Amino acid sequence: MTKNPILDKIAFIDGQPYQIKANETILEFAQRNNFSIPTLCDDSRLESFGACRVCSVDVALKADGPSKTMASCHTPIAEGMHIQTQSPSIQKLRKNIIELVLTDHPLDCLTCESNGNCELQDVAAEVGIREVRYKNAADHSHYEKDTSHPYMRSDLSKCINCYRCVRACDEIQGEFVLGIEGRGFDSKIIKGANLSFDDSACVSCGACAQTCPTAAISDVFQSKSVEAQEKVRTVCSYCGVGCNLEVGVKNNEILSITAPEDAEVNQGHTCLKGRYAWRFYNHPDRLTSPLIKKEGQFVEASWDEAYDLIVEKLGSIKSDFGPDAIAGISSSRCPNEENYLMQKLMRAVIGTNNIDCCARVCHSPTAHGMQQSFGTGAATNSIEDLAKTDFIMVIGANPTSAHPVTGAKIKQKLMKGTPGIVIDPVKTEVAEYATYHLQLRPGTNVAVLNMMAHYIIKEGLVDQQFVDTRTEGWQDYHDALMNLDIDRMEALSGVDRALVRDAAIAYGKAEAAMSFHGLGVTEHSQGSRSVMSIADLAMMTGNIGREGVGVNPLRGQNNVQGAADMGCQPHQGAGYMSVEDPKWQEYYTEKYGVHSPTHAGLKIPQMFNSAKAGTLKALWIMGEDVAQTDPNTHHVVESLKNLDFLIVQEIFFSETAKLADVILPGTSFLEKSGTFTNGERRVQAVREVVKPLPGTKVDGQIIIDVMNRMGYAQPDYQPDTMLAEIADVVPFFAGAKWNELGDNGKQWPILADGSETKILHTETFKRGLGKFHYFDFEESKEIENHATSFPYILTTSRILEHYNCGTMTRRTDNKQIVSEDILLINPQDARQKQIAHESIVRLFSSRGEVNLKAHVSDKVKPGVLFTTFHFPELMVNNITSDECDLETLCPEYKVVAVDVEAA
């Protein structure tokens, strides 16, 4: 269904008839039909403003009737309109407007060498301005330039007060950093209380720089963008939002990155990571040669030497100890094609199902829980459905930091009055705008979700027709909830029952309620059960299978969804078919041409345990720094050291690479082609922007080289042929073709005819009937075993400026914005522990300790601490536990029993 269907009605532009679209402005109508109307204050991403009037046109209701001058940007098109875009009166009006605008702008504008960065200059030329009659009306040359930001600059002497930057900050990002002060010629744009970029609350999204028509606010790289020989469309490799990027390239060098406005995912918006944090791609720290450890030291080696060693070692270990003595860890940072190849290497060449990746480490409870409830472990809806929902629930996620573009959309909805619930132990940015913030004790999601379900039943808000016709297991679920001990759940969670009841009623009454969850749901001992409890809420209220509803995981890494889809997990192959089912073993045997291994392999925690025990001999890790990112770092490092052979495929000399026997230099997303699948199941083309650095190889080709040397024939890496192979193996990729993905990709299931699927479970669930599951709340073993000695609970997450272990962002100017991890502590706890704001504290658990800076904050409740994990010099995971989700072994990063004291 198109957003603005073409109607069987006609309007006229300069005498020519054209069909109109519903809800279209005159400007949009003209642009769609290739008529040029100059604008200054208009930006297609922003609400119509109508301030500059440069876009004025003459409008008559009949061909020979009287006309009226109207601003085309906010005047709706109507049947029978006769629009003149270039009448003499309109041309004169536009010239006068531009002349007046130029009085508030440097007078050399008409002759300056703007390098194509001044939209005002282009408009002046378009309307025929050759000189300015009203000279020296205003002089802003005394305005100081703001160079405080590593990525952005402002020179307000060039500003024409079009308000586009202010509106972009408000309407796209929702930060309200930019404003205007003064009147007449003295009015000017300000940042906060007339601050610099550095001192303001700016989140560095660059929306203001992208929209500014005069470069009064600009990117540091903006002047270079017009020098690009070509612009390549690709996809961001940070979080799972999957933003489209347009990369300006010249002589195999990246000059700039901007956000294309026609991108369905991000509509011309990015966060600072996607727009600015790309300089890591050619950083001096990049690995550019294979390295082999000899006598404890790494020495450079040829690719042939590295390959020969790998083939010899893996071959001998397989021969001596069997294929299950070898394992692989794939990467959610790499394209689908490379993840597919990694699992195929393990299964078809080595002969083991010992393959896993961080998709299972962070979101396996999502996949497992939603598969148990719905039959498919992926987002039920599209992010565009936010425009159609009337209620938002965010659970265990901080989207404005970890998923910034989607987070900005959620924040905008909440700010504009859409009611919502945030369930999170931290007072996140979206929590400040939500109607209800259920600030629970970390680890008690199941308790709070059961309370909500109890009240929905008690208040008569169950969609009984949906329950009766689309689900099973309802009566047992209902009866268990009616016997719920509310007193105990309230005491355990720390959330007032009245607040839970009010939130539950609001969710239950909503016509269309959308839920989003993140790692604050999954990375718990009851992670899978929490996901099923969220699914229960959606089913009992009928919020599944239509626009504006559903259960939507916020994927932490760019290709978490895709890595799981490709079979990088030990119990399911590519396409989620069970590796222990004889039917699917036969299927994979036929597809790969070799016998499929018959029993489930090791999950990552089991790999470490087996390595430490001596039964796992070799491990190949592609693009994961497990020595920094996985919990209980001491255990991980000891396990890796106990291996006979460790291969690490990386772009930098990571903490894990330091432990390797062989290091293979791979490539960044900017140097390869393939596909990423974002959090809404959108399969998008990742296109090579620059050639791989000399000495490096595309990761997929590295795997193929080894496959061929080990006797399995695999054609050289090409994105089109690899996607064709995937489409032959993975049923929901059946219609995926490289040359048909276009700029915006397609959402799977992609049917054989090439059509995509925006909403799942519209008429039936993948498993047939949706299934209800009830689970009692169970305390984490971490709390049961350690709370007496370690009375505080530490929970972790990301910040906006950095990404996971910081491998990429710490090698960009993002480090100038945030340069360390900090610990949030409640004022009450700080007083009790005699900890001052910004003092150094010792944070410790039964496993280790770290020293870091404390920030006293009411964002956490007493007894709860919060930190990030971006900087390896701190190694926060030295103190995290190896407790896991009961069903999937996903690590419980979010509940750590700790103590804290002044250092």
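Annotations
- The residue of the stretch 286-305 that is surrounded by the most Cβ atoms within 10 Å (Cβ to Cβ), among those that are modelled with pLDDT of 95 or more and part of a loop (DSSP other than H, G, I, E, B), is PRO290.
- Positions within the stretch 279-299 being aromatic (Phe, Trp, Tyr) and under 19 Å from LEU670 (Cα atoms), in sequence order: PHE280, TYR281
- Contact map, the stretch 33-44: first residue assigned by TED's automatic domain parsing to the domain that holds TYR163, second residue assigned to a loop (DSSP other than H, G, I, E, B) and of a type outside the set (Asp, Glu), Cβ cut-off under 6 Å, separation 6 or more or different chains; the map is empty.
- Residue among ASP424, ASP468 that is at pLDDT 95 or above and within 32 Å of the chain's Cα centre (by Cα): ASP424
- Selection within the stretch 651-678 - within 22 Å of the chain's Cα centre (by Cα) and either crowded, with 23+ Cβ neighbours inside 10 Å or modelled with pLDDT under 95 (or both): ILE651, THR667, SER668, PHE669, LEU670, LYS672, GLY674, THR675, PHE676, THR677, ASN678
- Scan of the stretch 381-403 for residues that are among the hydrophobic types (A, V, I, L, M, F, W, C) and either more than 16 Å from LEU537 (Cα to Cα) or free of Cβ contacts under 8 Å to residues at least 40 places away in the same chain (or both), ordered by number: ILE383, LEU386, ALA387, ALA397, ALA402
- Qualifying residue in the stretch 436-446 (condition: surrounded by fewer than 24 Cβ atoms within 10 Å (Cβ to Cβ) and within 21 Å of the chain's Cα centre (by Cα)): no
- Residues in the stretch 692-728 that are among the hydrophobic types (A, V, I, L, M, F, W, C) and over 21 Å from TRP620 (Cβ atoms): LEU693, LEU723, ALA724, ALA727.
- Checklist (1) surrounded by fewer than 24 Cβ atoms within 10 Å (Cβ to Cβ); (2) more than 30 Å from GLY460 (Cα to Cα); (3) not hydroxyl-bearing (Ser, Thr, Tyr) applied to PRO570, failing item: (1)
- Scope the stretch 826-870; condition touching a residue at least 40 places away in the same chain (Cβ under 8 Å), closer than 24 Å to GLU883 by Cβ and in a loop (DSSP other than H, G, I, E, B); matching residues: SER845, SER846, ARG847, GLY848, LYS861, GLY863, THR868, PHE869, HIS870
- Of all the listed residues (ALA209, ALA201), the sole one being surrounded by fewer than 17 Cβ atoms within 10 Å (Cβ to Cβ), of a type in the set (Gly, Ala, Ser), within 22 Å of the chain's Cα centre (by Cα) and outside the structural domain of LEU670 (by TED's automatic domain parsing) is ALA201.
- Taken as a whole, the structure leaves GLU887 outside the set of residues that are part of a strand (DSSP E or B), touching a residue at least 24 places away in the same chain (Cβ under 8 Å) and touching a Lys or Arg at 6+ places or on another chain (Cβ under 8 Å).
- Which numbered condition HIS761 fails, given (1) assigned to a loop (DSSP other than H, G, I, E, B); (2) more than 25 Å from PRO553 (Cβ to Cβ): (2)
- Subset of the stretch 51-64 (residues that are of a type outside the set (Val, Ile, Thr) and either within 20 Å of CYS41 (Cβ to Cβ) or not in a loop (DSSP other than H, G, I, E, B) (or both)): ALA51, CYS52, ARG53, CYS55, SER56, ASP58, ALA60
- Of all residues in the stretch 890-903, those satisfying the criterion of being buried (at least 18 other Cβ atoms within 10 Å of the Cβ) and in a strand (DSSP E or B) are PRO891, VAL896, ALA897, VAL898, ASP899, VAL900.
- Every pair of residues 6+ apart whose Cβ atoms lie under 6 Å, when the first sits in the stretch 595-611 and is without any contact (Cβ under 8 Å) to a residue 40 or more places away in the chain and not assigned by TED's automatic domain parsing to the domain that holds ALA348 while the second is surrounded by fewer than 22 Cβ atoms within 10 Å (Cβ to Cβ) and assigned to a helix (DSSP H, G or I): none
- Of residues in the stretch 348-367 being in contact with an Asp or Glu (Cβ under 8 Å, 6 or more places away or on another chain) and surrounded by 24 or more Cβ atoms within 10 Å (Cβ to Cβ), the one farthest from CYS890 (Cα to Cα): ASN354
- From the list THR880, THR868, the lone residue that is farther than 25 Å from GLN606 by Cα, modelled with pLDDT of 80 or more and crowded, with 23+ Cβ neighbours inside 10 Å is THR868.
- Matching residues in the stretch 24-64 - criterion: being among the charged types (D, E, K, R), in contact with a helix residue (DSSP H, G or I) (Cβ under 9 Å, 6 or more places away or on another chain) and either closer than 27 Å to ALA207 by Cα or surrounded by 22 or more Cβ atoms within 10 Å (Cβ to Cβ) (or both): GLU24, ASP42, ASP43, ARG45, GLU47, ARG53
- 3 or more residues polar (S, T, N, Q): qualifying helices (runs of 4 or more DSSP H) within the stretch 446-547: 464-470, 527-540
- The residue that is surrounded by the most Cβ atoms within 10 Å (Cβ to Cβ), among those in the stretch 65-106 that are in contact with a Gly (Cβ under 7 Å, 6 or more places away or on another chain) and either among the hydrophobic types (A, V, I, L, M, F, W, C) or assigned to a loop (DSSP other than H, G, I, E, B) (or both), is CYS73.
- For the stretch 347-368, residues that are closer than 21 Å to PRO731 by Cα and of a type outside the set (D, E, K, R) total 8.
- Residue check for ILE395: buried (at least 22 other Cβ atoms within 10 Å of the Cβ) and modelled with pLDDT of 95 or more: yes
Okay, residues lined up against (1) in contact with an Asp or Glu (Cβ under 9 Å, 6 or more places away or on another chain); (2) closer than 30 Å to ARG488 by Cβ; (3) outside the structural domain of GLU472 (by TED's automatic domain parsing):
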residue	(1), (2), (3)
VAL689	yes, no, yes
VAL698	yes, no, yes
ILE704	yes, no, yes
TYR712	no, no, yes
TYR717	yes, no, yes
GLU725	yes, no, yes
TRP748	yes, no, yes
HIS786	no, yes, yes
ARG798	no, no, yes
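The values are calculated or read from the model by the stated rules, or taken from the named source; none is laboratory data. Not measured: the values here are computed from a predicted model. Neighbour counts run over all protein chains shown; Cβ positions are idealised from the backbone, glycine included.
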